[in-house]
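Working notes, structure below.
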Amino acid sequence: MNRSIALAGVLAALAVAPLHAAEGWQTIDNPPAIIGADGLPHQATCSGFPGTNPRYRFWVRPGDPKKLAVIFDGGGACWDDLTCSHPSGGVLRQPLLQFYTPAIPKDVDPSQYDGLLDLNNPANPVKDWTLVALPYCTADVHLGSADHVYQKVARPGFPRGDTITIHHRGYDNFMVVLDWIGKNVGPDLSDLFVTGASAGGYGASAHFPWLARQFPQARLSVLADASQGVSTPAFDANGRANWNVQLPAWVFGSTPLAVPSNDLLRRGAQAYTGARFAQYTTTQDEVQTGFYGYMKVFYGPGGNCPLITPDWNRQMLGTLSQYKTSLPNFRAYVLPGTKHTIIGDNGFYADSPAGPTMAAWTGAMLDWNPSAPAWDNAACPDCLTPMPCRRPAP
């Protein structure tokens with residue numbers, strides 16, 4: 001699962017590096033169709049982009065039966081002819097124009113990755129938990145339930161070619177995994193942690209209520225990594241429409257497209273006041289700003305600043321400030337720079353200018369003992385100062 005930059009810095013990033021040998025992970029391959037918790041039929045699948053394997057699988061690592069962590073993977077997104085015509089992974093051999101991961105890479109499983117999935121690191125706060133890892137291959141930030149036909153675009157400015165059908169079935173995949181969890185995880189769960197990186201952060205933010213309903217007695221924590229939801233109104237209303245976005249109505253209402261991307265976690269925290277919610281980001285995340293730049297150009301207008309990175313930065317910090325002011329159960333962790341995601345790499349354990357390591361900060365989030373160290377907002381010096389909206393002097 002590699003990370004590279006697409007058009008104007010746009011790219012799907014998983015931000016994890018192969019590292020460890022297999023250690024107890026079990027593969028649930030090609031799971032059967034089910035009737036989901038929503039009462040509807042669901043079949044798991046990947047995008048079906050021509051030349052890729054549509055078969056879906058997910059992974060489970062048995063651990064403490066009373067503690068469950070559900071981890072959503074990332075990998076970009078697509079929503080129109082151009083973006084959906086250019087997946088990553090060398091399918092079209094155009095490394096500068098890649099928007100999403102179309103299939104689960106062959107011979108890959110969580111034991112190969114670092115960060116939260118490094119079960120050999122004593123600083124890992126979930127090393128002894130039962131873990132369920134959901135890969136991502138549907139280009140809909142885990143929220144879709146539709147098959148959509150796009151016109152194939154070779155590259156900008158070229159004539160349109162054949163059509164392609166993309167299975168935006170991230171929600172269906174989650175329903176299949178949720179069904180497995182319901183049948184295999186005991187009802188006496190005490191702790192539930194739902195997290196995800198990049199596109200997976202939106203999956204965690206949107207789908208955690210289904211898991212919370214499954215385990216109402218469990219202490220709930222939700223962490224969105226590098227998924228701040230800075231987008232444009234036109235993208236939220238129109239770009240996502242091809243996915244047939246599915247959100248639990250008892251939290252988000254009956255009109256999913258009316259919920260802005262940056263409002264998912266806020267509404268969840270308002271609905272579950274006894275739970276803990278958190279976001280991680282860097283100040284100039286190259287992938288998030290890249291996708292925002294595409295939205296601003298093709299689904300504009302965006303914010304008031306004409307420069308993409310400062311515009312994204314100012315909106316991101318404004319949203320975090322609103323969250324922290326209005327939500328007593330929300331915290332944020334902010335680092336400097338352009339790096340995208342942290343829960344899947346060595347940065348999770350690295351010394352930090354924000355104070356505690358991300359691993360220690362996550363551990364404090366998951367420690368509900370009244371005598372535990374305080375779980376506070378964390379940010380590097382000057383990280384909460386908005387970037388100026390002006391071009392630098394020559």
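Read the figures in this text as sums done on the coordinates, not as results from a lab. Given the structure is predicted, the values throughout are model-derived calculations rather than measurements. Note that we place each Cβ from the backbone using ideal geometry, even for glycine, and neighbour counts take in every protein chain shown.
Of the residues Ala133, Met387, Asn369, the one whose Cα sits farthest toward the positive end of the charge dipole of the chain, with +1 on the Cβ of Lys and Arg and -1 on the Cβ of Asp and Glu, is Met387. FRET efficiency for Asp376 and Asp29, Cβ-Cβ distance as r, R0 = 41 Å, nearest 0.05? That pair, Asp376 with Asp29, gives E of 0.45. Amide H contacts for Trp129 (H built 1.01 Å from N in the peptide plane; partners 5 or more residues away or on another chain; cut-off under 5 Å): Asp64. Let me check I've understood the local charge: for Asp140, count other residues with C-beta under 14 angstrom from its C-beta, Lys and Arg +1, Asp and Glu -1. What total comes out? Every neighbour counted, the sum reads -3. The mean sequence separation of alpha-carbon pairs under 8 Å and at least six residues apart, normalised by the residue count of the chain, gives a relative contact order of 18 percent.
When only alpha carbons are used to place a centre, region 170-249 and region 260-308 end up 16 Å from one another. Give me Rg over Rh for the chain, both radii from the alpha carbons and Rh done the Kirkwood way, two decimal places. That ratio is 0.94, to two decimals.
Remark: region 178-188, residue by residue, has Karplus-estimated 3J(HN,Hα) of 4, 4, 4, 4, x, 8, 10, 10, x, x, 9 Hz, where x stands for each Gly or Pro and the curve is 6.51 cos²θ - 1.76 cosθ + 1.60 at θ = phi - 60°. Descending by average beta-carbon neighbour count within 10 Å, the peptides 372-378, 294-300, 214-220 line up as 294-300, 214-220, 372-378, the highest first.
Ordering of 379-388, 232-241, 203-212 by packing is 203-212, 232-241, 379-388, highest average first (other Cβ atoms within 10 Å, averaged per residue). The Cα atoms of region 242-394 give a gyration tensor whose axes a ≥ b ≥ c have a/c of 1.5 or more with a/b no greater than b/c, which makes the shape oblate.
Taken as Cα centroids, region 319-351 and region 123-155 sit 21 Å apart, rounded to the nearest whole angstrom. Computed extension gain for Asn53 through Asp128, at 0.36 nm per residue and net of the alpha carbon distance, reaches 23.7 nm. Beta bridges assigned by DSSP with both partners in the chain are antiparallel in approximately 35 percent of cases.
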